Amino acid sequence: MVERKLYLKRLKQLKDQNLIKVITGIRRCGKSTLLEAFKTELLASGIAPKNIIFLNFEERENLHLTDWTTLYDEIIEKINPKLRYYIFLDEVQLINDFERLVNSLFTKTNIDLYITGSNAYLLSSELATLLTGRYIAINLHPYSFKEYVSAYKEQNNPDQLFRKYINESSFPEAVTLSQNNKNLVNDYLQSIYDTVIIKDIAQRYNLRNVHNLHRIISFLFDSVGSYISPTNIAAQLNHNSQKKISHNTIIKYLDFLTQSYILYSAPRFDIKGKELLSTNGKYYVIDLGLKNITT
C-alpha cells in the first residue's frame, strides 16, 4: 500500500486541535487504512496504546454496537479524565443516532476525535447542525496519479502508467490486485459498485426501482465531462421508453449519487453574477475503473 502522505500530513497538522476530524469518501478508498497509518504515527510519537481507542463498525466484533448510549458508556468507562485520548470511529454512520454520540464525546476536553463515513449524509445530517464550526472535513479519494506511480516502483514510464491509470482503477486494493492477479480487479470493482448502489443508495433511501438508478448511472458514465441537466437526462432516457422517469426523480437520484461519492459534480459558474448555477453542470466519476466495468 502507498503511504497517503498529504492526508497524513493534514491529520498531523490537526492533531489536538479542538475540532472533530471527519474523513469522508467512497467505500474502499482507504479511509480505514489512513486511520491505521495515523494510529501508527501516534504510537511512534510515544502515545501509549491504551490511550488510543479504535472502533471499526463494519468489523464483525463490533456489529452489536448499534446503540449510541451503550457505546458512549463503554468508551467513557475506558477513559481516565486526567489523561489524553485519541478516539477513532470508523464508519460511524452505522451507529443509530451517531450524531449524539459524536457530540457527546466532543464535549470531553481530553478527547481528540476522528470519524469516518462512506456517505455525504454524514455531513448533511443533524451532525452538521450540532457541530457547526466545530469540525473539519477531509475528503479522501482513490490514488492520485502521483500516488499511483509510487505504487509501481519497478516501472518508470509515466506515459504507460498514465494509460493504465485512466483505463484500470486507482482504488488502492485494485492497484495491488492488478500487480498480482488482474483477473480479480473487475470483480473487485463490481463489488464496490454493487455495494454503493445497493447498500449506500437503494437501501438507505428505500428505492423501489433500482433499474432506473442503473439507467441514470449508465447515462452519466457515458456523458462524463458533458453539460448535463435533469431535463436532458429525462429526454434521453424517456425517449422510446414505456417506463418514464420523472424530472423530480432524476434530481433526487443525482443527489443520492453525489452523496455516495461515486460521482461528483462540477456546477457552472456565472462570472457576471458571481454565483454557481443550478443547471447544466458536469458530472465526473470518482474512479474510471467503475465506469469501464459498466460500459
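Summary of values
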item: Of the criteria (1) at pLDDT 95 or above; (2) within 18 Å of the chain's Cα centre (by Cα), which one Tyr135 fails; result: (1)
item: Filtered residue count, region 177-202, keeping only those that are surrounded by fewer than 16 Cβ atoms within 10 Å (Cβ to Cβ), in contact (Cβ under 8 Å) with a residue 24 or more places away in the chain and more than 17 Å from Val285 (Cα to Cα); result: 1
item: Failed item in (1) under 16 Å from Leu113 (Cα atoms); (2) in contact with a His (Cβ under 8 Å, 6 or more places away or on another chain), with Ile23 passing the rest; result: (2)
item: Any hit, region 259-270, residues being of a type in the set (Lys, Arg), outside the structural domain of Ala120 (by TED's automatic domain parsing) and at pLDDT 90 or above; result: no
item: Residue under evaluation Leu207, criteria (1) buried (at least 18 other Cβ atoms within 10 Å of the Cβ); (2) among the hydrophobic types (A, V, I, L, M, F, W, C); (3) not in a loop (DSSP other than H, G, I, E, B), criterion not met; result: (3)
item: Residue that is closer than 21 Å to Tyr284 by Cβ, of a type in the set (Gly, Ala, Ser), in contact with a helix residue (DSSP H, G or I) (Cβ under 9 Å, 6 or more places away or on another chain) and assigned by TED's automatic domain parsing to the domain that holds Phe269, where the choices are Ser246, Ser223; result: Ser223
item: Near pairs, Cβ below 9 angstrom, 6+ apart or cross-chain, from region 38-50 (in the same structural domain as Asn80 (by TED's automatic domain parsing)) to any residue that is surrounded by 13 or more Cβ atoms within 10 Å (Cβ to Cβ) and modelled with pLDDT under 95; result: none
item: Tabulated pairs, region 155-174, first over 21 Å from Ile262 (Cα atoms), second assigned to a loop (DSSP other than H, G, I, E, B) and not hydroxyl-bearing (Ser, Thr, Tyr), C-beta under 9 angstrom, 6+ apart or interchain; result: Leu161/Gln155
item: Extreme residue, nearest to Leu257 (Cα to Cα), among residues of region 1-35 that are of a type in the set (A, V, I, L, M, F, W, C) and in a strand (DSSP E or B); result: Ile23
item: Qualifying residues in region 1-40 (those that are of a type in the set (Asp, Glu) and out of contact with any strand residue (DSSP E or B) (no Cβ under 6 Å at 6 or more places or on another chain)) - the one surrounded by the fewest Cβ atoms within 10 Å (Cβ to Cβ); result: Glu3
item: Residue match in region 69-86 (condition: in contact with a strand residue (DSSP E or B) (Cβ under 6 Å, 6 or more places away or on another chain) and under 18 Å from Lys21 (Cα atoms)); result: yes
item: Residue match in region 120-142 (condition: closer than 22 Å to Asp255 by Cα, acidic (Asp, Glu), in the same structural domain as Gly25 (by TED's automatic domain parsing) and out of contact with any Ser or Thr (no Cβ under 9 Å at 6 or more places or on another chain)); result: yes
item: Single residue of region 87-117 satisfying the filter (out of contact with any Phe, Trp or Tyr (no Cβ under 7 Å at 6 or more places or on another chain) and of a type in the set (Ser, Thr, Tyr)) that is farthest from Gln13 (Cα to Cα); result: Thr107
item: Neighbours by Cβ (under 8 Å, 6+ apart or cross-chain): first from region 275-295, at pLDDT below 85; second among the acidic types (Asp, Glu); result: Leu276/Asp270; Leu277/Asp270; Thr295/Asp222
item: Glu59 vs. criteria assigned by TED's automatic domain parsing to the domain that holds Ile20 and within 15 Å of Leu11 (Cα to Cα); result: no
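The values are calculated or read from the model by the stated rules, or taken from the named source; none is laboratory data. This structure is a prediction, so every number in the text was calculated from the model and none was measured. All Cβ positions, glycine included, derive from the backbone under ideal geometry; neighbour counts span all protein chains shown.
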